[in-house]
1. Using 0.36 nm times the number of residues separating Asp175 and Lys87, minus their current alpha carbon distance, what extension gain do you get?
2. Tell me the mean residue ellipticity at 222 nm calculated for the chain from its helices only (DSSP H runs of n ≥ 4, each -39500 (n - 2.57), averaged over every residue, nearest 500).
3. Normalised by the residues of the chain, what does the relative contact order come to in percent, with Cα pairs under 8 Å and at least six apart?
4. Between Gln36 and Thr182, what length comes free when the chain is fully extended (0.36 nm per residue of separation minus the Cα-Cα distance, one decimal in nm)?
5. Residue by residue, what Karplus-based ³J(HN,Hα) values in Hz, rounded to whole numbers, does segment 23-33 have, using 6.51, -1.76 and 1.60 with θ = phi - 60° and x for Gly and Pro?
6. To the nearest 10 square angstrom, how much accessible area does Glu139 have with a 1.4 angstrom probe?
7. Please compute the per residue accessible area over the chain with all protein chains in place, 1.4 Å probe, rounded to a whole number of Å².
8. How large is the charge dipole for segment 1-76, taken about the Cα centre, if only the Cβ atoms of Lys, Arg (+1) and Asp, Glu (-1) carry charge, to the nearest 20 debye?
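The values are calculated or read from the model by the stated rules, or taken from the named source; none is laboratory data. Just so it is clear, the structure is predicted and the values come from calculations on it, not from any experiment. Here Cβ is always computed from backbone atoms with ideal geometry, including for glycine, and neighbour counts include all displayed protein chains. When the accessible area is computed, the model is the full protein with side chains, heavy atoms only, and any ligands, DNA or RNA have been set aside. Shrake-Rupley method; radii C 1.70, N 1.55, O 1.52, S 1.80 Å.
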Amino acid sequence: MCGRFTLTVGPDTVKKLYQADGQIAWEPSYNVAPTQDVIAVVSDGEQNRIGPMSWGLIPSWAKDESMRHNMINARLETAEEKPSYKKLLSKRRCLIVADSFYEWMTIDGAKQPVRIYSPDQELFTFAGLWDRWQTEAGEKVTCTILTKEANRDMAEIHHRMPVMLPANSEQEWIDFEAKNPTDMKEWLYAQPDLPLTYDVVSTYVNSPKHNDPDCIKPIDL
């Protein structure tokens, strides 16, 4: 799964890298948590657009926000079968930008947070799905991160991991044209995994109230 991550660069860096148009007010974050805004990239068919989405999917047909805490992640294995995800997998795909994510692994019988990142790619993206939810107060755009079974790099940490895209596959994922959901699922499985490594970090990161460089500081056990 993926329940916390980081994006420690500013908006200009992200906009330049993804050649995206749009205005975002973003401060570097060392502890992005569910229900907070994330920075996402989509394509409108002519250019990439960048902006905030609220993390935790609220389907367009939902009566209220109650389900969003259970929809921060979507299992890739069954996404094309689920009413909440099938249409989104076809035509509402997004990139969620990050530079690391957190997971909790068991070390000496205790849950210990680790910060996972790619030594080959300073910034990377999670494969995401998004939707619009209309309220009396206006429209809310929300998203979820696709997950899959852990690969060799992740297996010792957790049995699940977010779906991460290599840089040369990102544009195809957000292609504006509608696609067959099963085809997109198979396409994601065919993408090569990014190499991953990790640092053990302090339990300071356990609280989403903490959001500063101490969250990512490696520690010795």
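1. Fully extending the segment from Asp175 to Lys87 adds 30.2 nm.
2. -3000 deg cm²/dmol
3. Worked out over the chain, it gives 23 percent.
4. 49.6 nm
5. 9, 9, 9, 9, 9, x, 10, 9, 6, 6, 10
6. Taking all protein chains as shown, Glu139 has close to 100 Å².
7. With all protein chains present, the chain gives 50 Å² per residue.
8. 280
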